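Here is the structure we will look at.
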Amino acid sequence: MSTQESVTVTVTGAGGQIGYALLFRIASGAMFGPKTPVRLRLLEIPAGLKSAEGSALELQDCAFTTLDSVEVTDNAAHAFAGTNVALLVGARPRGPGMERGDLMAANGAIFGPQGSAINAGAADDVRVLVVGNPANTNALIAAAHAPDVPAERFTAMTRLDHNRALAQLARTLDVPVASIGNVIIWGNHSATQVPDVSHGVLTASDGTRRPLPDALAEALGGSAKVAAWLDETFIPRVAKRGAEIIEVRGSSSAASAAAAAVDHVHDWILGTAGSWTSAAVLSDGSYGVPRGLISSFPVHSRDGAWEIQQGLSVGADVHARIDRSIKELEEERDMVKSLGLI
Ligand code: NDP
């Protein structure tokens, strides 16, 4: 996709909270840059159509110069016809008394048909980001229903976890977020995710680079203190930040999730310019993650494709955590397989 041509973007669950924070940023040029016109397709279930239609009216009123058109529909075939970027946000939340299998089955009924509609009608270069939870496994379901689309084009969002990790580190070290690099989120977008700072780098304003663990040791008073801080504070804070937001805000995170979706697609298409980030992508067996799972890795993007950052040494403690998260992904995959969803 050349960034001067217009881009068709489909957002599912567009009438929801994340949709409301996401649509305006896409339309304003934040996702593809200020020179790329965007055609937005908002897909909703009938109960969500009015909300999406209201957002479409507000989008008109913003008079964004990068917004070509907005359509609202409850027809998946229409929503995905010719789409270049599909943002699958709408998902079935876990209701009271709902078992994990029920949740998977409900989401299979959403993401399977959406995968089929993408397969049938999306543009040849379609890229898919799944936000709706359980995001990794929902991406796996959608990919399984789109045999003609390269499976690498189905991804799930761990960028919010990545951004949360950067923000916690910047606050702890009292440095700008932009000075921190090479942080990783491994595994599932769930409580088992593995935020990993062991390859992190801190770049000072004079360009000097130093390992993040050293900077943390200096700030916290030694490497033993760093280990305890990572274990007791940093990792749980990042992994459970969603719950913290709900407790304080009274509803789930939306603007930060939308911002992370913008970052993910922006970097996927426009490239990461020599740095890394985190995204849940199809495993090719790297780092012992079984092929075919959609798991979070350190990634960079070149020529519009994510590539897993290779050759990093992974310590035993981080490896043990990754193994736990991968086991959970395998269990989710086995469950959707046994339900006939993939
Ligand atoms: P949100 O817009 O707040 O969330 C949408 C999805 O994003 C949920 O699955 C949510 O998971 C997930 N999510 C992923 N990361 C985050 C994060 N960091 N913070 C918060 N959420 C995250 O939900 P709403 O209920 O406001 O809106 C959903 C819309 O989707 C509704 O308008 C509804 O009509 C539509 N919908 C469409 C369906 C379909 O396409 N068939 C089916 C069901 C709903 P989690 O639940 O775990 O927080």
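The values are calculated or read from the model by the stated rules, or taken from the named source; none is laboratory data. All values derive from a computational prediction rather than experimental measurement. Note that each Cβ is placed from the backbone with ideal geometry, even for glycine, and that neighbours are counted across all protein chains shown. Surface areas here come from the heavy atoms of the whole protein model, side chains and all, with no ligands, DNA or RNA. Shrake-Rupley method; radii C 1.70, N 1.55, O 1.52, S 1.80 Å.
Here is a yes/no grid of residues against (1) assigned by TED's automatic domain parsing to the domain that holds VAL130; (2) assigned to a helix (DSSP H, G or I); (3) more than 17 Å from VAL197 (Cβ to Cβ); (4) not polar (S, T, N, Q):
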{"site": "ALA228", "(1), (2), (3), (4)": "no, yes, no, yes"}
{"site": "ILE245", "(1), (2), (3), (4)": "no, yes, yes, yes"}
{"site": "VAL248", "(1), (2), (3), (4)": "no, yes, yes, yes"}
{"site": "SER253", "(1), (2), (3), (4)": "no, no, yes, no"}
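Of all residues in the range 94-115, which are open to solvent by less than 50 Å² (accessible area, probe 1.4 Å) and not hydrophobic (A, V, I, L, M, F, W, C)?
GLY95, GLY101, ASN107, GLY108, GLY112, GLN114, GLY115
Please find, among THR272, THR277, THR233, the residue that is modelled with pLDDT of 95 or more, in contact with a His (Cβ under 8 Å, 6 or more places away or on another chain) and open to solvent by 10 Å² or more (accessible area, probe 1.4 Å). Break it down into steps so the answer makes sense when it comes.
Working: THR277 fails: open to solvent by 10 Å² or more (accessible area, probe 1.4 Å); THR233 fails: in contact with a His (Cβ under 8 Å, 6 or more places away or on another chain).
Just one listed residue meets the conditions, THR272.
Condition check ((1) away from the ligand (no atom under 15 Å from the Cβ); (2) more than 25 Å from LEU22 (Cα to Cα); (3) among the aromatic types (Phe, Trp, Tyr)) across all residues:
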position: ALA167; (1), (2), (3): no, no, no
position: ILE184; (1), (2), (3): yes, no, no
position: PHE234; (1), (2), (3): yes, yes, yes
position: ALA239; (1), (2), (3): no, no, no
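So, in the range 117-134, exactly how many residues are over 19 Å from LEU282 (Cβ atoms) and within 14 Å of the ligand (Cβ to nearest atom)?
Residues in the range 117-134 being over 19 Å from LEU282 (Cβ atoms) and within 14 Å of the ligand (Cβ to nearest atom): 1 in total.
How about the range 21-54: which of its residues are within 10 Å of the ligand (Cβ to nearest atom), more than 23 Å from ILE118 (Cα to Cα) and in contact (Cβ under 8 Å) with a residue 40 or more places away in the chain?
Answer for the range 21-54, where residues must be within 10 Å of the ligand (Cβ to nearest atom), more than 23 Å from ILE118 (Cα to Cα) and in contact (Cβ under 8 Å) with a residue 40 or more places away in the chain: just ALA21.
May I ask you to say which residue of ALA91, ALA139, ALA120, ALA170 is open to solvent by 20 Å² or more (accessible area, probe 1.4 Å) and in a helix (DSSP H, G or I)?
ALA120
For the range 241-258, name all the residues that are more than 10 Å from the ligand (Cβ to nearest atom) and in contact with a helix residue (DSSP H, G or I) (Cβ under 8 Å, 6 or more places away or on another chain).
GLU244 - this is the single residue of the range 241-258 that is more than 10 Å from the ligand (Cβ to nearest atom) and in contact with a helix residue (DSSP H, G or I) (Cβ under 8 Å, 6 or more places away or on another chain).
Which residues, counting only those in the range 318-342, are in contact (Cβ under 8 Å) with a residue 40 or more places away in the chain and among the acidic types (Asp, Glu)?
Once the filter is applied, which keeps residues that are in contact (Cβ under 8 Å) with a residue 40 or more places away in the chain and among the acidic types (Asp, Glu), the range 318-342 yields GLU328, GLU330, GLU332.
Considering only the range 173-199, state which residues are of a type outside the set (S, T, N, Q) and not in a strand (DSSP E or B).
Selection gives LEU173, ASP174, VAL175, PRO176, VAL177, ALA178, VAL183, HIS189, ALA191, VAL197, HIS199.
Hey, among VAL177, VAL149, which residue is modelled with pLDDT of 95 or more and assigned by TED's automatic domain parsing to the domain that holds THR83?
Answer to the check: VAL149.
May I ask you to list pairs of residues, at least six apart or on different chains, whose Cβ atoms are under 6 Å apart, with the first in the range 239-257 being open to solvent by 50 Å² or more (accessible area, probe 1.4 Å) and the second being assigned to a loop (DSSP other than H, G, I, E, B)?
ILE246/SER252
Looking at the structure I just gave you, is VAL318 modelled with pLDDT of 95 or more, in a helix (DSSP H, G or I) and in contact with an Asp or Glu (Cβ under 7 Å, 6 or more places away or on another chain)?
It is true that VAL318 is modelled with pLDDT of 95 or more, in a helix (DSSP H, G or I) and in contact with an Asp or Glu (Cβ under 7 Å, 6 or more places away or on another chain).
Might you let me know whether the range 143-152 holds any residue that is in a helix (DSSP H, G or I), surrounded by 24 or more Cβ atoms within 10 Å (Cβ to Cβ) and of a type outside the set (Phe, Trp, Tyr)?
Looking for residues that are in a helix (DSSP H, G or I), surrounded by 24 or more Cβ atoms within 10 Å (Cβ to Cβ) and of a type outside the set (Phe, Trp, Tyr), one finds at least one in the range 143-152, hence yes.
Return the residue satisfying two criteria in turn: it lies in the range 290-307 and is free of Cβ contacts under 8 Å to residues at least 40 places away in the same chain and either in contact with a Leu (Cβ under 6 Å, 6 or more places away or on another chain) or on the phi < 0 side of the Ramachandran plot (or both), and of such residues it is most open to solvent (accessible area, probe 1.4 Å).
Among them, the one singled out is ARG291.
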